[in-house]
Each structure stands twice: as C-alpha cells, then as structure tokens.
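Trainee: The structure follows.
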Amino acid sequence: MSLPPLVEPAAELTVDEVRRYSRHLIIPDVGMEGQKRLKNARVLCVGAGGLGSPALMYLAAAGVGTLGIVEFDEVDESNLQRQIIHSQADIGRPKAESAKDTVLGINPHTKVNIHEERLDSSNVKEIFADYDLIVDGTDNFATRYLVNDACVLLNKPYVWGSIYRFDGQASVFWSAHGPCYRCLYPEPPPPGMVPSCAEGGVLGVLCASIGSIQVNEAIKLLAGIGDPLVGRLMIYDALEMTYRQVKVRKDPDCAVCGPNATVTELIDYEAFCGAVSDEAQQAAAGATITPKQLKEWIDDGENLEIIDVREPNEYEIVSIPGAKLIPKNEFLMGNALGEMPQDKRIVLHCKTGVRSAEVLAVLQSAGFSDAVHVGGGVIGWVNQIEPDKPVY
C-alpha cells in the first residue's frame, strides 16, 4: 500500500546539491520535491556494523539531511569482512566515530549525530524522539524487541533487516499502518536456539544486499513513493538467488500494538530474551572454571575429557589443545551422551561460554555432576594462554 510522505520538503536545494543529486532529480517519482524531503529527513541507524555500514553510506549518498548513529562498540579486524564503512586504519577506534568520518567523506552536506552508548530502556525514547525514521541494523533479539516496542510507543516507523550465513530478511514495521515486529515474532526464540552471526557466520556481501533494501524502503517512506514493505516480509536466499515474500498481518492479540496491549511501557529486554537460559545459569553456578585453571589442570596431568561444543568450521580456525569436537546440537538431540566417559572429568567449552553452559545443563541433568565449563571459552583461552593464535 502507498503511504503519505513521512517528512515535509526542505525549502530549497543549493546549486551544489542539485548537481550532486541530479540523477535523482530526473526520476519523475523522486524529482525536486522528493529530494527536498530527503534533505529535510532525520534518520537514525541503530548499529554501524554489517547492516548499518551500507545503510549509512547509501542514506548519506542519497541526500538524507541528518543521520544519527547509535553504536558503542569499537572496530575489530573481524568486522572488516562485511562492515565496509570501516577500514584497516580504523581498528581500535569507536565505530560511531569511524562511521561518521566515512559518511562525511561521502556527503559533506549530511549532518551526523553520534550516540556512543548502549541502547536500552532508559535512553531509547529520548534518542528516537529526534528522528523521523529508524533503521534497525542490530544483531540480537533483546535490542530488536527494544527497538520495536519503542517505535510502537512513539508511533514511529522503522525498517528492519536480519542476516545469517546466506539468508536475509527485511520488512517495514509501523503499527499505525500495519503489523509490528511482535506480530511476526511474538516471543523470542529459546536462549541458544538461534546462533548469532558471531557463532554461525555471515557472507559479507549479504550485508550489502539487505542493507541496500533497507535504504530503498527508507527512501520510499521518506519521499512517499512506491509500495513499502509494510505487512510484507521479504526473504532472500543468496545461494539460490531467490527472493520471496510472506504476508504479515497485524495480530489483534499483539502484546504491544494490539487493542488490548499488555506491554504499555518498556521492559527489561535482556531478561525477556534471556541470553542464557535459567537452566544454563544454574548449571554454570559453581561449575565454571577459567582458562588459566584449565591450563593448570592440563599441566598437572588431571584426567580430563575436554570437549569443544562449537561447529566444525569454528574448530578449524582455532582450538584448545587436546579438545574433542562434539557440536552442541549432538548433546541437545541426546546423541552425544553415550560417548561421555565415566572415568574422566568433562570440561566443556565453546567460543565465549554461552553454548557450553547450555550443554553443561544437559550433562548435569544426565548425571555428570562434576562436569564444568570454561568461562570465556576459546576466546578467553587465546587471550590468556595462547595469544599468538587467531581469534574470530
């Protein structure tokens, strides 16, 4: 469905701006008025990572007058495979500052506001209030639900995108005209059920595909042209090179945008999504060792069975010496329990400690009461024990 323009047009374009945006101006659907609307627009990107990188760059190139960047992280070398707004020289810099420099290098006419803080229930409304449109480039469920609920409560539209390995999704959520994110996903998945990009990986160029779709939707909303993805979920498979759409209807029982909404104020989204299940937290309490403690046990000749619960591709990158690879899903399916030795102490680890805590809960419930896991996982091991090994 077509929607009215989200913003009013600016008073005029300068001579420099007319030259810069000439290829937009000769498109009848955009024209002078549409470009003036882009100039007058204020768009906030949540995240300057995989999706935020192409989104910010193309929003700036398109002539959006004010861009906001919410980002508290620093540039890491592993980011550069997909986060193209940053360069080798930016490693160690705050991502928000790096992104701002790149945006201004693309378009000095764009004003850039940076918000170098973690988005949460205490600041999201204040930050969102100054913008017409939100572009969600986050990679975790807690922030996705936070962004959605804040936009519903503030009656603001936002463009959502998601990426994983070779698959991407995109949609526009605006409760005033259609469904919200909770209409599509009323509840987050169980903790540990859906791997993050840090665990499962993502094809770098997929970020450009989905990020550019997000910008396309943003331009349509701001200028009031075309048919935005309101009420539609776009699904992209990069391996098969297919796009398909799924209709998303407004849920009359939605907890946040329904007529009888039960979520009328922002909540604790970390608790709502639960990065680690209650069972895993209970299992890890008193059964977590440090990488240095594991090294001491190895050096002392302790009778250990060190088990890596990551995926084979991760194991190929870096591993703890002597560790046996058994992916987490083998434990969840029950297939690996018969392989567990009765005469050795089982030590579990993953990348950072989340997946191994989930497996620890499974083992403890199966009677392996002395099993432990390594807090900080293989990343902690590399940082503390073998700093010359690669991390990912």
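Trainee: Scanning for something modelled with pLDDT of 95 or more, open to solvent by 60 Å² or more (accessible area, probe 1.4 Å) and within 24 Å of the chain's Cα centre (by Cα), does the stretch 305-314 turn up at least one residue?
Mentor: No, the stretch 305-314 contains no residue that is modelled with pLDDT of 95 or more, open to solvent by 60 Å² or more (accessible area, probe 1.4 Å) and within 24 Å of the chain's Cα centre (by Cα).
Trainee: In addition: Against the condition under 16 Å from the mean Cα position of the chain (by Cα), at pLDDT 95 or above and surrounded by fewer than 16 Cβ atoms within 10 Å (Cβ to Cβ), how does Gln81 come out, does it pass?
Mentor: Details: under 16 Å from the mean Cα position of the chain (by Cα): yes; at pLDDT 95 or above: yes; surrounded by fewer than 16 Cβ atoms within 10 Å (Cβ to Cβ): yes.
Here the answer is yes, as Gln81 does meet what is asked.
Trainee: For the stretch 113-133: of the residues being touching a residue at least 24 places away in the same chain (Cβ under 8 Å) and within 15 Å of Glu270 (Cα to Cα), which is most open to solvent (accessible area, probe 1.4 Å)? Give the steps one after another, and end with the answer.
Mentor: First, the residues of the stretch 113-133 that are touching a residue at least 24 places away in the same chain (Cβ under 8 Å): 113-121, 124-125, 127-133.
Subset that is within 15 Å of Glu270 (Cα to Cα): 118-121, 124.
Working: Arg118: 139, Leu119: 19, Asp120: 59, Ser121: 48, Val124: 0 Å².
Looking at the filtered set, the residue picked out is Arg118.
Trainee: Quickly run through the stretch 160-195 and pick out the residues that are of a type in the set (S, T, N, Q) and open to solvent by 40 Å² or more (accessible area, probe 1.4 Å). Can you show your working first?
Mentor: Here is the first cut: in the stretch 160-195, the ones of a type in the set (S, T, N, Q) are 162, 169, 171, 175.
Listed by number, the list holds a single entry, Gln169.
Trainee: With respect to Ser87, determine if the residue is over 22 Å from Cys197 (Cα atoms), open to solvent by 10 Å² or more (accessible area, probe 1.4 Å) and without any contact (Cβ under 8 Å) to a residue 24 or more places away in the chain. Show your work before the answer.
Mentor: On the way: over 22 Å from Cys197 (Cα atoms): no; open to solvent by 10 Å² or more (accessible area, probe 1.4 Å): yes; without any contact (Cβ under 8 Å) to a residue 24 or more places away in the chain: yes.
No.
Trainee: Please work out which residue is most open to solvent (accessible area, probe 1.4 Å), limiting yourself to the stretch 1-43 and to residues that are of a type in the set (S, T, N, Q) and over 15 Å from Gly224 (Cα atoms).
Mentor: If we filter the stretch 1-43 for residues that are of a type in the set (S, T, N, Q), which is where we start, we get 2, 14, 22, 35, 40.
Still in the list and also over 15 Å from Gly224 (Cα atoms): 14, 22.
Details: Thr14: 62, Ser22: 34 Å².
My answer is Thr14.
Residue-wise test of (1) free of Cβ contacts under 8 Å to residues at least 24 places away in the same chain; (2) of a type in the set (Lys, Arg); (3) surrounded by 15 or more Cβ atoms within 10 Å (Cβ to Cβ).
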residue	(1), (2), (3)
Ala323	no, no, yes
Lys328	no, yes, yes
Met333	yes, no, no
Leu348	no, no, yes
Val354	no, no, yes
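Trainee: Which residue, of Pro54, Pro28, Pro5, is modelled with pLDDT of 95 or more, out of contact with any Leu (no Cβ under 8 Å at 6 or more places or on another chain) and more than 26 Å from Asp101 (Cβ to Cβ)?
Mentor: Working: Pro54 fails: more than 26 Å from Asp101 (Cβ to Cβ); Pro5 fails: out of contact with any Leu (no Cβ under 8 Å at 6 or more places or on another chain).
Of Pro54, Pro28, Pro5, the one residue that is modelled with pLDDT of 95 or more, out of contact with any Leu (no Cβ under 8 Å at 6 or more places or on another chain) and more than 26 Å from Asp101 (Cβ to Cβ) is Pro28.
Trainee: Please specify each residue of the stretch 208-223 satisfying the condition of being touching a helix residue (DSSP H, G or I) at 6+ places or on another chain (Cβ under 7 Å) and either buried (at least 18 other Cβ atoms within 10 Å of the Cβ) or assigned to a loop (DSSP other than H, G, I, E, B) (or both). Steps first, please.
Mentor: So in the stretch 208-223, the residues touching a helix residue (DSSP H, G or I) at 6+ places or on another chain (Cβ under 7 Å) come out as 208, 211-212, 214-215, 218-219, 222-223.
Hits for the stretch 208-223 are Ala208, Gly211, Gln214, Val215, Ala218, Ile219, Leu222, Ala223.
Trainee: Please go through the stretch 225-254 and pick out each residue that is open to solvent by 30 Å² or more (accessible area, probe 1.4 Å) and in a loop (DSSP other than H, G, I, E, B).
Mentor: Answer for the stretch 225-254, where residues must be open to solvent by 30 Å² or more (accessible area, probe 1.4 Å) and in a loop (DSSP other than H, G, I, E, B): Ile225, Gly226, Asp227, Leu239, Glu240, Met241, Arg249, Lys250, Asp251, Pro252, Asp253.
Trainee: Please determine whether any residue of the stretch 264-273 is hydroxyl-bearing (Ser, Thr, Tyr), farther than 19 Å from Tyr185 by Cα and touching a helix residue (DSSP H, G or I) at 6+ places or on another chain (Cβ under 8 Å).
Mentor: Checked against the condition, which is being hydroxyl-bearing (Ser, Thr, Tyr), farther than 19 Å from Tyr185 by Cα and touching a helix residue (DSSP H, G or I) at 6+ places or on another chain (Cβ under 8 Å), the stretch 264-273 yields no hits at all.
Trainee: Of all residues in the stretch 260-297, how many are hydrophobic (A, V, I, L, M, F, W, C), closer than 14 Å to Val372 by Cα and surrounded by 15 or more Cβ atoms within 10 Å (Cβ to Cβ)?
Mentor: Taking the stretch 260-297 as the starting set, the residues that turn out to be hydrophobic (A, V, I, L, M, F, W, C) are 261, 263, 266-267, 271-273, 275-276, 280, 283-285, 287, 289, 294, 297.
Adding the requirement that they be closer than 14 Å to Val372 by Cα leaves 280, 283-285, 287, 289, 294, 297.
Now restrict to residues that are surrounded by 15 or more Cβ atoms within 10 Å (Cβ to Cβ): 280, 283-284, 287, 289, 294, 297.
Of the residues in the stretch 260-297, 7 are hydrophobic (A, V, I, L, M, F, W, C), closer than 14 Å to Val372 by Cα and surrounded by 15 or more Cβ atoms within 10 Å (Cβ to Cβ).
Trainee: Among the numbered criteria (1) of a type in the set (S, T, N, Q); (2) closer than 22 Å to Ser212 by Cβ; (3) open to solvent by 30 Å² or more (accessible area, probe 1.4 Å), which one does Thr138 miss?
Mentor: Single failed check for Thr138: (3).
Trainee: Another question about this same structure. Quick one: how many residues across the stretch 196-207 are under 19 Å from Met241 (Cα atoms), out of contact with any strand residue (DSSP E or B) (no Cβ under 7 Å at 6 or more places or on another chain) and open to solvent by 40 Å² or more (accessible area, probe 1.4 Å)? Full working, then the answer.
Mentor: As a first pass, look at the stretch 196-207 and keep what is under 19 Å from Met241 (Cα atoms): 201-207.
Subset that is out of contact with any strand residue (DSSP E or B) (no Cβ under 7 Å at 6 or more places or on another chain): 204-205.
Subset that is open to solvent by 40 Å² or more (accessible area, probe 1.4 Å): 205.
The total comes to 1.
The values are calculated or read from the model by the stated rules, or taken from the named source; none is laboratory data. Just so we're clear, the structure is a prediction, and the values are computed from it rather than from any experiment. Because the Cβ atoms are built from the backbone with ideal geometry, glycine has one as well, and the counts that use them run over all protein chains shown. We work out accessible area using only protein heavy atoms, side chains counted, and drop any ligands, DNA or RNA first. Shrake-Rupley method; radii C 1.70, N 1.55, O 1.52, S 1.80 Å.
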